[in-house]
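Remarks on the structure that follows.
Where a number appears in this text, it was derived from the coordinates with a stated rule and is not lab data. This one's a predicted model, so the numbers in the text were calculated from it and none came from an experiment. Positions of Cβ are backbone-derived with ideal geometry, glycine not excepted, and every protein chain shown enters the neighbour counts.
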Amino acid sequence: MIDLPCALGVGFKPCHFADLLASNGAVQWAEVHAENYLMDGGSMRAQLFELRSHMPISLHGVGLSLGGAQAPDAAHLARLRQLIDELKPAQFSEHLAWSMHGHGAQASFANDLLPVVYSREALARVSDNIDAAQQALGQRILIENPSLYLAAQGCDSAAAETDFLSALVAQSGCGLLVDVNNIFVTCQNLGWRSDDYLHGLPLGAIGEVHLAGHASDVDASGTAVLIDNHGGPVAPEVWALYDDLLRACGPRPSLIEWDTNVPEWSVLNAECTKAEAVLASFRDTSFRDIKSAPKEAVA
Amino acid sequence: MQALFAPDAPVPKVFSHPRAGQEAADRFSIYRNNVVVSLKQNLADGFPLLADLLGEEAFAAMADAFVRAHPPRSPLMFAYGEALPDFIAEFAPFAELPYAADVAHLEWAMRQSSQARDATAQGKLQLHDADRQGLEIAPCVKLLVSDWPLYDLWAFLDGRADAPPDMALAQSLLVYRTQDFDIELACLPSGGDVFMAALLAGKTLSEAAQAAPEASMEAGDMASLLSLLVGGGLVTAIVETKPETQKEEKND
């Protein structure tokens, strides 16, 4: 299996297909939501396979519900494995979240990424779920940190999540997909410190980084809340956090996600070019041992 | 999970609002909203002609009721909405639009066609014996039998015809996919629905022709239909339809 290049990728939108193939810019790879391509045939799949002939693909799952109380669905894993075998993506990633409850005709799927309670029981369960997915898909997978609007009682610092992620990495052998926008959104929404978050991450396990835009809103009690809507440019604070992250862990394959209010290719490409400039500034630096990167560099 | 689909269900106790003195429900409603909004958007994207026919407000009200009654059973969101046509047929507020369900059936069939397994004929198609042989039809071919002028309704809603259809007509359709992945509709001639249904059920050509005798289907129409199927690459094989293997190919 080939690795994802340590370069910029883009969350692929079919409307950008021709522009992406014709572009000679920053974007070197593309990511797609695996569940959008599990149909039997037709134009969507044909387009994905053509894209694959031009650049590496990262498959991003949104439906395995690895954070759930039940094991991932065997039939769904088998469908994903078949797509992986046919498409040969550079990697597969999923979320620290849940979305599925029940089985078969009694199942419901929430079509959203719901929060996991970071308990000892959940750790064992999620680790087993990741292990089952890695076995079925025949590879190490990456797990993405969620954006949270709500946390379980007692989760009053970033360590609640980063300790959980670190333990998952240690127990299941999975890697991490670090979504910098999600870190910012979660920390703002829950009152956590984003520098604590970066310090707490197992940096060596990071295989991919996501960047995206968010929206500001107020919740029903009038408290400010950030919504992870992937609907605009990356916020200045998130760019700053991206810089801090790469300073700590070194250059990593990085992706711009823009899923709602999808702009013209030139706008998206400009955002990718901006990220590539940041990535390039770290690509030339040598990172001998990521884990020994000085902590003050993150502050 | 129930708390997500039922607006009045209590928030699971384990969660708390990050700010003291405020309700977890104020934040939980963000998830609840995301779930319902994304599913309704999925339906609006998947049934655009139906949304036009019903109007934004009526479609949204129907979609809201559908999402709560039929939450997705799997993460394959391209397959969400299969139950919508039958739901609409039973949805009391649309009793005055009895053809709305058929428009939904049509849009579902078009989506199924667009996502069907790719299949082309292997080698040359050679028919030796119409009494023993039938046609294997490509999975992208979907038959829609309607009591309404479904083709004209589609053309009107899709902006291809200016005049509203004559509602006294009944039109059955064939939905299929071209080699370039375009979805096409053919309005079937009289008897064409019976003929196609027989072919799709794995009957021999002779049996299919007998099912649609001259009185109901003109020979020229049958020839045109066969020509459309063969010329469009929609016949993937000539098959011996022996009784013990006579089995309908899964086609919807």
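Take each residue of peptide A:145-152, count the partner chain Cβ atoms within 10 Å of its Cβ, and average: the result is 5. The ellipsoid that matches the Cα gyration tensor of the range A:157-290 has semi-axes, each √(5λ) in whole angstrom, of 24, 22, 12, with the longest given first. Sorting the segments A:187-198, B:139-150, A:128-139 by their mean number of nearby beta carbons within 10 angstrom, highest to lowest, gives B:139-150, A:187-198, A:128-139.
Any idea how far apart residue B:41 and residue A:81 come out in nm if each label point goes 7 Å out from Cα toward Cβ? Computed distance between label sites residue B:41 and residue A:81 equals 3.3 nm. Give me the log10 of I(q) over I(0) for the protein assembly as shown at q = 0.07 Å⁻¹, as the Debye formula computes it from C-alpha points; what are the numbers? So the normalised log intensities work out to -0.48. Let me know the shape class of the range B:119-252, please: from the alpha-carbon gyration tensor, a ≥ b ≥ c as square roots of the eigenvalues, rounded when a/c is under 1.5, otherwise prolate if a/b is greater than b/c, or oblate. Prolate, since a/c reaches 1.5 and a/b exceeds b/c.
Amide H contacts of residue A:93 (H built 1.01 Å from N, in plane; Pro and chain starts excluded): A:59, A:60, A:61, A:142 sit under 5 Å, all sequence-distant by 5 or more or on other chains. Each residue of the range A:217-234 is assigned a 3J(HN,Hα), and the resulting list reads 8, 10, 7, 5, 9, x, 7, 4, 8, 9, 10, 7, 9, 6, x, x, x, 5 Hz, derived from the Karplus form 6.51 cos²θ - 1.76 cosθ + 1.60 (θ = phi - 60°), x at Gly and Pro. For the range B:59-102, GluC sites (Glu not before Pro) are listed when DSSP marks them as loop and at most 16 other Cβ atoms sit within 10 Å of their Cβ; the list is B:82, B:96. Rounded to the nearest 20 debye, the dipole size of chain A about its Cα centre is 600 debye, using +1 on the Cβ of Lys and Arg and -1 on the Cβ of Asp and Glu. The amide H of residue B:188, built 1.01 Å from its N in the peptide plane, has B:172, B:173, B:174 as neighbours under 5 Å, considering only residues 5 or more places off or on other chains. For the range A:200-283, the list of GluC sites (Glu not before Pro) that fall in a loop by DSSP and count at most 14 other C-beta atoms within 10 angstrom reads A:264. Classify chain A as rounded, prolate or oblate, taking a ≥ b ≥ c as the square roots of the eigenvalues of its Cα gyration tensor: rounded when a/c is under 1.5, otherwise prolate if a/b is larger than b/c and oblate if not. Note, shape of chain A comes out rounded. Residues considered: A:229, A:181, A:261. Largest GNM mean-square fluctuation over chain A, using C-alpha springs under 10 Å, is found at A:261. Separation of the range B:144-202 and the range A:60-139 by C-alpha centroid, Å? Each part reduced to its Cα centre gives a spacing of 41 Å. Whole Å is fine, so just give me how far the alpha carbon centre of the range B:26-77 lies from that of the range A:1-58. That distance is 28 Å.
Taking each residue as 0.36 nm, the span from residue A:259 to residue A:23 lengthens on full extension beyond its C-alpha to C-alpha distance by 83.0 nm. Computed from the Cβ-Cβ distance with R0 of 45 Å, the FRET efficiency linking residue A:215 to residue B:9 stands at 0.95. Ordering B:76, B:223, B:94 by the projection of their Cα atoms onto the charge dipole of chain B, which places +1 on the Cβ of Lys and Arg and -1 on the Cβ of Asp and Glu, puts B:76 at the extreme positive end.
I need the shape label for the range B:24-128. Rule: rounded when a/c is under 1.5, else prolate if a/b > b/c, else oblate, with a, b, c from the alpha carbon gyration tensor. The shape class here is oblate. Using a simple spin-label model with pseudo-atoms 7 Å out from Cα toward Cβ, residue B:167 and residue B:216 lie 2.7 nm apart. Rounded to whole numbers, the Karplus 3J(HN,Hα) couplings from phi for the range A:51-65 are 4, 4, 6, 9, 7, x, 10, 9, 8, 10, x, 10, x, 7, 6 Hz, using 6.51 cos²θ - 1.76 cosθ + 1.60 with θ = phi - 60°, and x at Gly and Pro.
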